[in-house]
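Just so it is clear, none of the values below were taken in a lab; they were calculated from the coordinates. None of these values were measured; they are calculated from a predicted model. Positions of Cβ are backbone-derived with ideal geometry, glycine not excepted, and every protein chain shown enters the neighbour counts.
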Amino acid sequence: MIIAVVLSAGESSRMGRAKALLRIEGQRFIERIIAAIGQSRVGRTLVVLGHHADHLRGQIEHLPVEVVINPDYQRGQLSSLQAAIRHIGNDDRCDGMLVHLVDHPFIDTALVDALIAKFLETKKLIVVPRYKGKRGHPVVFSRQLFQELLDAPLDQGAKAVVNAHRLETVELEWQDEGITVDIDTPELYRQHVRGE
């Protein structure tokens with residue numbers, strides 16, 4: 001089983017408001033992401049909250065997700081990933097996790113299923129989508145890397161683990177620029193989400 005982890009714990013300081021609640025095509029970012037994941041082969045979905053966690057929890061309680069609170073969210077994205085791994089704990093059904101960022105709203109079910117299929121087919125430790133030479137999100141991490149992610153230095157993030165396993169990483173070519181679109185400023189929001 002693959003467990004999806006949506007990271008939504010940051011302060012959204014550059015955006016000035018919670019990115020999870022921004023709207024795109026009539027849906028909030030978080031709703032769009034969870035809808036795409038919910039129709040996929042993913043077995044469980046976790047959402048990691050931190051900044052204004054109580055408020056955000058109230059906004060997403062209608063979604064089919066498990067909420068994980070990261071009290072150390074100010075220590076960076078990896079701290080939220082670690083909180084999710086600790087929450088997963090010893091779930092023997094878990095083969096790996098599909099990690100997605102809440103400021104990447106352009107995700108669809110076909111991509112999620114393709115990444116999971118590639119992971120199961122190749123038995124690689126990491127599967128990452130790529131569009132025209134540029135890597136994007138979400139990324140699948142094998143359960144075999146969970147302890148390494150827990151031990152990784154917070155200041156380096158998950159990239160330290162990714163860089164250490166280049167030979168055990170497979171890239172999935174994807175023909176949608178959306179996998180690389182990171183909306184974390186008002187300017188980028190206006191650029192990519194016209195008319196919202």
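Quick one: which of Pro153, Pro129, Pro105 is under 23 Å from Val67 (Cα atoms) and not basic (Lys, Arg)?
Pro105
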Only one of Ala36, Ala18 is under 19 Å from Thr185 (Cβ atoms) and touching a Ser or Thr at 6+ places or on another chain (Cβ under 8 Å). Can you tell me which? Ala18
Go through (1) of a type outside the set (A, V, I, L, M, F, W, C); (2) more than 21 Å from Val42 (Cβ to Cβ); (3) without any contact (Cβ under 8 Å) to a residue 40 or more places away in the chain and name the single condition Asp155 misses. (3)
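Table: residues versus (1) among the aliphatic types (A, V, I, L, M); (2) over 15 Å from Val99 (Cα atoms); (3) free of Cβ contacts under 8 Å to residues at least 40 places away in the same chain.
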site	(1), (2), (3)
Tyr131	no, yes, no
Phe146	no, no, no
Lys159	no, no, yes
Leu167	yes, yes, yes
Val193	yes, yes, no
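Criterion first (surrounded by 22 or more Cβ atoms within 10 Å (Cβ to Cβ), in a loop (DSSP other than H, G, I, E, B) and of a type outside the set (Asp, Glu)) does Gly10 satisfy it?
For Gly10, the condition - surrounded by 22 or more Cβ atoms within 10 Å (Cβ to Cβ), in a loop (DSSP other than H, G, I, E, B) and of a type outside the set (Asp, Glu) - is met.
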Among Arg143, Arg93, which is the only one that is in contact with a Cys (Cβ under 9 Å, 6 or more places away or on another chain) and either crowded, with 17+ Cβ neighbours inside 10 Å or closer than 20 Å to Arg41 by Cα (or both)? Arg143
Give the residues of segment 67-90 that are loosely packed, with under 15 Cβ neighbours inside 10 Å and more than 19 Å from Gly157 (Cβ to Cβ), sorted by residue number. Gly89, Asn90
Which ones in segment 41-71 are in contact (Cβ under 8 Å) with a residue 40 or more places away in the chain, in a loop (DSSP other than H, G, I, E, B) and touching a strand residue (DSSP E or B) at 6+ places or on another chain (Cβ under 8 Å)? Arg41, Val42, Gly43, Val65, Asn70
Determine which single condition Leu101 fails, assuming it passes every other condition in (1) crowded, with 17+ Cβ neighbours inside 10 Å; (2) closer than 24 Å to Gln27 by Cα; (3) touching a helix residue (DSSP H, G or I) at 6+ places or on another chain (Cβ under 7 Å). (3)
